Structure formats: structure tokens, C-alpha cells
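Have a look at the structure below before the remarks.
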Amino acid sequence: MSDSNRPIEREADLADYFAAGAKPRARWGIGLEYERFGVRADDLSPVPYDGPRSVRGLLESLAAGPGWNSDREGDLLLGARHGATRLTLEPGCQLEMSGGVHTDLDAAQRELFFYLDAVETASAPLGLLWMGVGMQPFTALDALPWFPKKRYGVMRDYLPRHGTRGLTMMKQTACIQVNLDYSNEADAMDKMRAAMGLTPMVTALFANSPLTGGAPNGFLSARAWAWRDTDNDRCGLLPFVFRDKAGFGDYLDYALDVPLFFVVRDGRYLSGNGKTFRDWIHGRLAGAPPTLDDFETHLTTLFPEVRLKHYIELRGADSGDPRAVMALGALWKGLLYDPAARASAWGLVQSWSFDERNALLDAVCRDGPAAPLPSRGARSGGPKKAGDLFEAILAAARRGLEAQGTPHEARWLEPLQRRVASGPGCPALDLLDRVRARGADPRDLAAALSRNTLRTAA
């Protein structure tokens with residue numbers, strides 16, 4: 001019996017799960033994930049899953065190329081892959097690149113450019129554009145397509161009973177994600193603590209979802225706002241991360257007590273009936289005991305701002321152009337992979353209470369860099385708004401990259417540095433300025449949002 005099929009008969013069977021993900025410093029890597037919305041260039045209608053000009057057509061075209069393979073769920077085409085680079089679909093047919101693990105940002109940039117070029121080449125005959133933005137800017141929620149993956153069908157039914165914005169999150173939002181490694185329990189929790197503490201500022205810096213249905217929606221990060229009431233059992237900030245001596249056991253307890261989305265057996269997605277994974281281990285769910293594979297599937301249904309698996313997932317940024325993807329990678333690599341940079345950045349946010357952190361995250365959804373900082377620990381004449389911390393955070397990231405021996409990677413921080421120098425601002429403000437000043441022909445806007453900025457990157 002393989003480890004993945006090994007039954008879990010008691011909680012202690014999972015005690016070492018997260019420790020097994022630890023890697024020595026020499027083996028640390030970085031992975032990038034990038035979601036975008038597809039539209040048909042002629043009428044800006046959303047790209048459906050099936051049909052002559054569809055996501056399925058794009059994936060079939062890619063999968064037919066040399067070095068590519070397809071991923072399927074029965075007869076359903078789920079995605080395409082080329083080596084470690086995987087293309088998958090989110091519930092509203094958003095296209096996601098899930099990248100491989102790279103030792104440096106130069107290698108990650110080459111993969112990203114390969115992905116962009118491959119998708120652009122396959123999309124051109126179909127007349128498709130792929131927009132890097134946090135909220136679908138043109139199409140109402142009900143008019144967006146559904147990707148008919150079994151997992152998403154369960155989520156579609158479950159989430160509206162546990163929050164008011166779950167369907168918005170599923171179909172109408174897109175993000176950038178960075179994945180990093182850890183060396184041991186203390187290192188993992190220190191990184192998670194710093195990352196969760198800094199997440200509101202990162203959300204503000206990368207805010208890029210101010211439009212819905214072609215008009216301002218009242219938020220700078222409507223994507224982050226959607227997550228704030230998707231399902232409070234499995235989303236948001238985690239209070240235990242900020243406690244002294246937090247450890248893997250705390251995250252395991254959290255995971256065990258989040259209600260199950262589903263139980264997968266023989267390709268069928270069965271209801272979790274309101275039970276938790278802990279209930280399942282203790283026999284309070286009909287059927288066979290869970291396996292390690294079941295636990296790993298369950299971990300993918302948890303959506304905190306910083307998620308722990310056998311690596312750390314940093315999830316707090318709106319989608320943007322390709323330079324933003326590289327900038328986010330450089331920011332988190334610089335901050336979290338150097339202990340001094342991490343300590344410096346954590347020092348900017350460590351004094352706040354958990355309630356204050358949540359209030360700040362709520363505020364940056366609407367106000368971005370202008371969101372007021374908690375007053376606790378504030379010095380007279382010190383920072384008052386989220387944007388006031390951007391310069392210090394970027395300086396810490398730059399020092400961190402230098403300490404890692406990769407000062408050249410700091411070039412990817414330059415777009416963020418320019419925002420600090422001119423505002424500070426965020427992409428959402430630029431997008432709103434464009435709409436208000438130019439009237440923004442939607443086709444011009446779609447073309448701008450789908451531009452491959454790596455072609456002109458320094």
C-alpha cells in the first residue's frame with residue numbers, strides 16, 4: 001500500500017505531516033502561480049469552456065504541441081502541462097499557470113515568459129485575450145461561464161450557505177501566488193507569522209480590481225473583499241499564527257476542524273455532511289477511514305491568506321501584468337528567505353492585535369494604500385496609512401535579496417519602487433484614472449490588461 005493510500009486511524013498519524021515538507025536551505029526554491037481572465041477580442045464576451053472559440057480549444061491546441069500533455073477528469077479536459085508547468089482552470093474558466101519550483105527568479109521568469117508566449121500563440125487564431133486583473137472588469141457574475149469540474153460543482157453548492165460572496169470569489173476573481181519553502185517548524189511559523197502580518201500591505205500594494213461591469217465598484221481590491229465573506233471557516237487570517245510558540249500542531253488542529261467540502265470515492269464527490277476531518281478520523285462519517293491522499297485533498301480546500309502544505313503559499317495579491325508576478329516573487333523572496341529582512345519587516349506590524357489586523361485587511365479592500373493603520377504602537381509623526389509602510393517593506397526586501405547573493409533580482413522591485421515614489425499608489429488607482437480620464441474604450445482596456453510586459457522589462 002502506498003503512503004497516499006495509507007489509512008489515517010488516529011490524529012497522531014498526521015503529527016509529522018508538515019515536518020516532512022522541511023528542506024535544507026540549499027534546496028529552497030520559489031514557485032509562481034498566475035491567474036487571468038479570458039475574453040474574445042472582438043466583443044469582449046467571456047471565453048466559455050466549450051465551443052469553437054473556447055478554453056477547451058486553447059488547451060487542445062497547446063496539448064497537441066511538442067512536449068505538451070493533457071490532464072483529464074474522465075472525458076473532461078482539465079488542463080495542459082509542459083514539464084513542470086501546468087495550465088489549469090478556475091471555476092469561471094480563469095486560466096492559471098502553476099509553475100515549477102525554481103532556484104532563482106531568473107529561472108521563474110523564463111518559465112513565465114514561455115507560458116505567456118505559448119498561450120498568446122495558441123490564442124491568436126481564436127481571437128482570445130487573457131487579462132491580468134483581480135476582478136473580471138466587464139461581465140456580470142451571472143453571465144460568466146462555469147467550468148464543469150466536479151470539485152467546483154460541490155463548491156458552487158456549498159459556499160453560498162457559508163458566506164455571501166463565495167460565487168463571486170469562484171467566478172469573478174483572479175490572483176497571483178508565490179510558493180516558498182521552510183527548513184523546520186520554527187522557520188515555517190516565523191515565515192507564516194511575518195507573511196500574515198504583512199498581507200494587508202501586500203494586498204494594498206497590488207490592489208488591482210476596481211471595476212465590475214465596466215464601472216467602478218467602490219473597492220480597490222474587490223478580489224480581497226470577496227474573500228472576506230466567502231467562508232469564514234476556511235478563509236482569512238489565522239489567529240494562532242500570531243501566538244508565541246505556534247507550531248505545526250496548531251495548523252494541524254485548524255485543518256482537522258474545518259468542515260469537509262466533500263469526500264472523494266471512486267471518482268465521485270460525496271457530501272461531507274457537515275463533518276470535519278477530525279470527525280472522519282474518529283469514525284463519525286460513514287464509510288472507510290480517510291487516507292493521506294484524502295488529507296492532502298482537504299488541505300487544498302483551506303483558503304487562509306497564507307496556506308501551509310509541504311511549502312508555504314502566499315495568496316494575498318490581485319492578479320496583474322507579468323511584471324507584477326515577478327515583483328511579487330521578488331518581494332516575498334527578499335522578505336522571507338533572509339532572517340534579518342524578515343525580522344525587519346515583521347517589526348513594522350508586530351504590535352497590532354488580531355482584531356486590528358482584520359480591520360486593516362477590511363480597510364485595504366476599499367482604500368488600498370490610503371487605509372488607516374491601527375493606532376496601537378504608532379509613534380507621533382510615524383506611518384498613518386498602509387502606503388506609508390511600502391518604502392520600508394521594499395527596502396527590507398531589497399536588503400534580503402542582497403543578503404541571499406542575488407541583488408540583481410531586485411530589478412523586479414522597480415515597478416513597486418516607482419509606485420512608492422509617485423504616491424504611493426497601486427494598479428487599481430491607475431486603472432481608475434484611465435477609465436475616468438479617457439473614457440476607456442473597453443477594447444483598449446482589454447488590450448492593455450492583456451499586454452505581455454515582460455517583452456519590455458529591463
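The values are calculated or read from the model by the stated rules, or taken from the named source; none is laboratory data. Computed from a prediction, not measured in an experiment: that's the story for all the values here. Positions of Cβ are backbone-derived with ideal geometry, glycine not excepted, and every protein chain shown enters the neighbour counts. Just so you know, the surface numbers come from the protein's heavy atoms only, side chains and all, with ligands and any DNA or RNA stripped out. Shrake-Rupley method; radii C 1.70, N 1.55, O 1.52, S 1.80 Å.
Taking the centroid of alpha carbons for each part, region 308-351 and region 1-42 are 18 Å apart. The distance between label points at residue 50 and residue 340 comes to 5.9 nm (points 7 Å beyond Cα on the Cα→Cβ vector). Per residue, region 251-331 exposes 32 Å² of solvent-accessible protein surface, assessed with a 1.4 angstrom probe and all protein chains in place.
May I ask you to derive the FRET efficiency for residue 110 and residue 140 from their Cβ-Cβ distance with R0 = 45 Å, giving the value to the nearest 0.05?
Efficiency computed from Cβ-Cβ geometry: 0.75.
Peptides 94-102, 348-356 ranked from most to least packed give 94-102, 348-356, packing being the mean of other C-beta atoms within 10 angstrom over each peptide's residues.
Entry comment: accessible area of region 390-448 is 50 Å² per residue, from protein heavy atoms only and a probe of 1.4 Å.
Going 7 Å from the Cα of residue 10 along its beta-carbon direction, which residues of region 275-302 have the amide nitrogen within less than 13 Å of the resulting point? Flagged as within label range: 282. Entry note, the chain: the mean residue ellipticity at 222 nm calculated from DSSP H runs of n ≥ 4, each adding -39500 (n - 2.57), is -11500 deg cm²/dmol after division by the residues and rounding to the nearest 500. Pairs exceeding a 18 Å alpha-carbon distance, out of 191/309; 23/191; 191/385: 191/385.
Taking packing as the residue-averaged number of other Cβ atoms within 10 angstrom, the listed peptides 173-181, 394-402 run from highest to lowest as 173-181, 394-402. Taking the three principal axes of the alpha carbon atoms in region 290-383, the coordinate ranges are 55, 31, 30 Å, sorted in descending order.
For region 99-196, a/c is not less than 1.5, where a ≥ b ≥ c are the root eigenvalues of the C-alpha gyration tensor, and a/b does not top b/c. That puts it in the oblate class.
Could you calculate the FRET efficiency of residue 451 with residue 288 from 1/(1 + (r/R0)^6), where r is the beta carbon distance between them and R0 is 60 Å, rounded to 0.05?
Computed FRET efficiency for residue 451 and residue 288 comes out at 0.75.
Electrostatic bookkeeping for residue 125 treats Lys and Arg as +1 and Asp and Glu as -1; over the other residues with beta carbon under 14 Å from its beta carbon, the sum is -1. Annotation for residue 121 and residue 27: the two label points, set 7 Å from Cα along the Cα-Cβ direction, are 3.4 nm apart. For the chain, the share of accessible area belonging to carbon and sulfur comes to 49 percent (1.4 Å probe, ligands and nucleic acids excluded). Per-residue surface analysis assigns residue 33 an accessible area of about 30 Å², computed on protein heavy atoms at 1.4 Å probe radius.
Averaging the Cα positions of each part gives two centres, and for region 70-144 and region 150-181 these lie 17 Å apart.
Here, the chain is characterised by an Rg to Rh ratio of 0.95, where Rg is the alpha-carbon radius of gyration and Rh the Kirkwood radius.
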